[in-house]
Amino acid sequence: MSRCGATLTPVRAAGAVEAIGVEVCRQCAASGRDVTVPTIERVLRQLQAHRPGCGCGLCAAAASVSADRVFDVVASWERSVRRRRARALR
């Protein structure tokens, strides 16, 4: 059980990658940094350093994903946003 009272359930691998991608995007937006593989690796290390009884769910997801896969997913999100913005400007 997490600190907010939600029950955690196992997530599929793609869901873990997306959850980490959202966290990476959130941290990059808050710090004004671009999403890069080194940044993703830093976030993964932070999440993997959580205490063993942590109930956030992201730390378990971080153990099962690679920085390259997270980067690929976030890059596809960014491409999609750029295409939609370009379409909206036409």
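Tabulated values for the structure
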{"read-out": "Within-13-Å neighbourhood charge of Leu44 [Cβ basis; K, R +1; D, E -1]", "value": "0"}
{"read-out": "Under the span-like rule (Cα at least 30 Å along the axis, Kyte-Doolittle mean at least -1.0), DSSP H helices of the chain", "value": "67-89"}
{"read-out": "Most to least packed among 52-60, 69-77 [average Cβ atoms within 10 Å]", "value": "69-77, 52-60"}
{"read-out": "Computed over the chain: relative contact order in percent, which uses C-alpha pairs under 8 Å that are six or more apart", "value": "38 percent"}
{"read-out": "Mean projected area (nm²) of the alpha-carbon convex hull when the chain is viewed from all directions", "value": "6.9 nm²"}
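All of the numbers you see were taken from the coordinates with simple rules; none came from a lab. Computed from a prediction, not measured in an experiment: that's the story for all the values here. We place every Cβ from the backbone using ideal geometry, glycine too, and count neighbours over all the protein chains shown.
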